[in-house]
Amino acid sequence: MTTAATGRLDKPRRKHRVSRVNPYQIGRWVLSILIFFMAWEIVGRSGVLFAIKPPSEVLPALRDELASGEILAATVGTLQVAFLAFVIGALFGIPVGTLSGVSVRWASVIDPLVGAGWAVPIVMFVPIISIYAGFDLLGKVFLTLLMNVFVIIVNTSTGVREVPFELKEMARAFGISKRQMYRKVIFPWAGPYILTGLRLGLGRSVQGAILADLFLRADNLGLYIVNAASSFQLEILLAAVFFVTLVAAGLMLVARFFEWWLLRWKVG
Amino acid sequence: MANSLAKAKEKQQVQITKKAHERKAPSTLGRLLSGKWGLRLIVYGALLVGWQVTAMVKGPFFAPTIPETLAGIADAWANGYYSILFDSLRQMIVGFLLSLVIAIPLGALIGRSRVMDDLLSPYVNTLFVTSKEALIPLFVILFGIGFQYRVAVVVLFAFFFPVMNTAAGVRFVDQHLIETARAFCTSRWRMFKAIYLPGAAPFIVAGIRLGLGMALKGFVIAEIWVITGTGRLLVEAGSLRLLDTYFAIALVIAAIGIGTNEGLKALERRLRQHAHLGNEG
């Protein structure tokens, strides 16, 4: 990905693959997973940290919860909020990022705001989001939007700014129209950056939606986790955390594959 | 090509003259508004005016006016809210330093050794992109709601950027430089001091900067979740609709976040120049 993202084509490159893995690497990954589960089991059985149940109890709990369908329904509910906010974030963030990338003057307006949005803890706004947008869907989507939009804007504007001056000049020399400039030059060039921004934004959307389900009205996964914690069903709590992590990681993997698939034309 | 270069130069020239002109004669309004500060003035001004008008129309129960917010910043001082904030920040700094103590050596290890990279990176990458927030209820059970809990949450949040950045920085160090130094039998300590540290320093500082931002987020999340310290101030000010207090504290936290971020960015730039000179000279 990074090779495509830098857009440097001066060196001949190997055919682009998702990743080149060697058998040693796969062996180490397997080893790493084994070590992780063994360490978890040992810590869980030893009772040093009473709240950590061993995987031999957590995984059956997860299986039962999956069978009952409750955790899946909760996950789907949270992901709906995440996707809704993600789509809004993309529809808002890409144009704003493009504006900031194309115009120096607008960049001087937009960049400080985006920088501030990065540096400020978003959760801090929970008390007023609940006043202005309520505890429910609107407030949740707004909180999630604040989580994802800045990374999309930053990546888009960086990508648009990186379009080489010579390329635009050349296109202009051939009498390209403004619309075609965007369609044929700017967006294809900035594409990898924008897609990376969207992928990171998707991850942050999922984070934001879980945050919203925990901190605004407890619902879906948030409610599920809070219930498990407050009733001290620790194996279910751990199962939920484990499941959430797996789902989010899986989603990111799919997004990464999708990104590669869209950009496969770029490096031949 | 030559034409484009000439044009670029001309453009630059125009910009330079424009800037010089701005400094000389800011009295001409039109010229001022065409610069970057002009647009800033319009947009930020509109935002502030929008805030002020909304607050005046809807009343203090909906939003405080700008003067009320500024007065709130002073009142927060009188009410001793900053000592609460200071206390929270002290705990955050403990957690942040702890996370650095773990993260930077770990990152260096991942950057130096392929085996460690393969063993550890999957977890770092997975936890980095997935939801750390879901772990907070578990942390409450594990650590209670006191000092330990807050430090633990800050470590959880602040940990990942320094690891990834240190690893990237160590990987980035020029291989020729390392080989040359080895050929001259440079001692380990000197290798570390003269090659790895300057080469990786800008990355590490970037990691520290991003990690500090995350630490700030971690402490706010931790405190709002169990409603203690500064988090309690924010939540109570929100639910009692003491919005001038809320906005005042929120502005101070935002200023801390933005200020530390910009300060470390400046340090990073300086180190990057330094690293660059070191590589060339």
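Under the Kirkwood approximation applied to all pairs of distinct alpha-carbon atoms, what is the hydrodynamic radius of the range A:58-262 in Å? That comes to 18.6 Å for the range A:58-262. Tally Lys/Arg at +1 and Asp/Glu at -1 over every other residue whose Cβ is under 13 Å from the Cβ of B:Gly238; what's the total? Computed value for this residue: 0.
When each of B:Leu240, A:Leu146 is scored by the number of other beta-carbon atoms lying within 10 Å, the sequence from fewest to most is B:Leu240, A:Leu146.
How would you order B:168-180, A:121-133, A:173-185, B:252-264 from highest to lowest mean count of nearby Cβ atoms within 10 Å?
By packing density, highest mean first, the sequence is A:121-133, B:252-264, B:168-180, A:173-185.
Taking Cα atoms only, the orientation of helix A:23-46 departs from the longest principal axis of chain A by about 40 degrees.
Run the reach check for B:Lys58 against aspartates and glutamates, Cα to Cα strictly under 20 Å, same-chain hits fewer than 8 apart removed. What comes back? Leaving aside aspartates and glutamates fewer than 8 places away in the same chain, those within reach of B:Lys58 are B:Glu68, B:Asp244. Within the shell of other residues whose beta carbon sits under 13 angstrom from the beta carbon of A:Arg28, the net charge comes to -1, with Lys and Arg scored +1 and Asp and Glu -1. Phi angles of the range A:119-126 translate, via the Karplus equation with coefficients 6.51, -1.76, 1.60 and θ = phi - 60°, into HN-Hα couplings of 7, 8, x, 5, 4, 3, 7, 3 Hz per residue; Gly and Pro are given as x. Within 10 Å of the Cβ of each residue in A:111-120, the mean number of Cβ atoms contributed by other protein chains is 5. Radius of gyration (Cα atoms) of chain B, expressed as a multiple of 2.2 N^0.38 Å: 1.32. Peptide A:201-210 has a mean of 3 when you count, residue by residue, the C-beta atoms of other protein chains within 10 Å of its C-beta. Across peptide B:228-240, the mean count of Cβ atoms from other chains lying within 10 Å of each residue's own Cβ comes to 2.
Rounded to 0.05, the FRET efficiency of the B:Ile42 and A:Leu31 pair, given R0 = 45 Å and the Cβ-Cβ distance, is 0.15. The alpha-carbon of A:Lys140 sits under 14 angstrom from the alpha-carbons of these aspartates and glutamates, leaving out residues fewer than 8 places away in its chain: A:Asp213, A:Asp219.
Counted by neighbouring Cβ atoms within 10 Å, the residues A:Leu198, A:Leu34, B:Leu142 run from fewest to most as A:Leu34, B:Leu142, A:Leu198.
Our helix-only sum for chain A, with -39,500 (n - 2.57) per DSSP H run of n ≥ 4 divided by its residues, gives a mean residue ellipticity at 222 nm of -25500 deg cm²/dmol. A simple count of charges around B:Val226, restricted to other residues whose Cβ falls under 14 Å of its Cβ and scoring Lys, Arg +1 and Asp, Glu -1, yields -1.
Using the Kirkwood radius built from alpha carbon pairs, what does the Stokes-Einstein equation give as D for the range B:85-241 at 4 °C and 1.567 mPa s, in µm² per second?
Result for D is 76 µm²/s.
The label-point distance for B:Phe192 and A:Arg264, in a model that sets each label 7 Å from Cα toward Cβ, rounds to 4.7 nm. Using the average count of surrounding beta-carbon atoms within 10 Å as a protection proxy, the listed peptides A:101-114, B:221-234, B:152-165 rank, highest first, as B:152-165, B:221-234, A:101-114.
Taking a point 7 Å out from the Cα of B:Ile66 in the direction of its Cβ, the residues of the range A:78-113 whose backbone N falls within less than 17 Å of it are A:113. Pair-distance distribution P(r) for the protein assembly as shown, from all Cα-Cα distances in 10 Å bins starting at 0: 3, 14, 25, 27, 19, 9, 2, 0 percent.
Could you calculate the FRET efficiency of B:Ile145 with B:Val57 from 1/(1 + (r/R0)^6), where r is the beta carbon distance between them and R0 is 45 Å, rounded to 0.05? Result of the calculation: an efficiency of 0.65.
Where a number appears in this text, it was derived from the coordinates with a stated rule and is not lab data. These numbers come from a predicted model, not from an experiment. Positions of Cβ are backbone-derived with ideal geometry, glycine not excepted, and every protein chain shown enters the neighbour counts.
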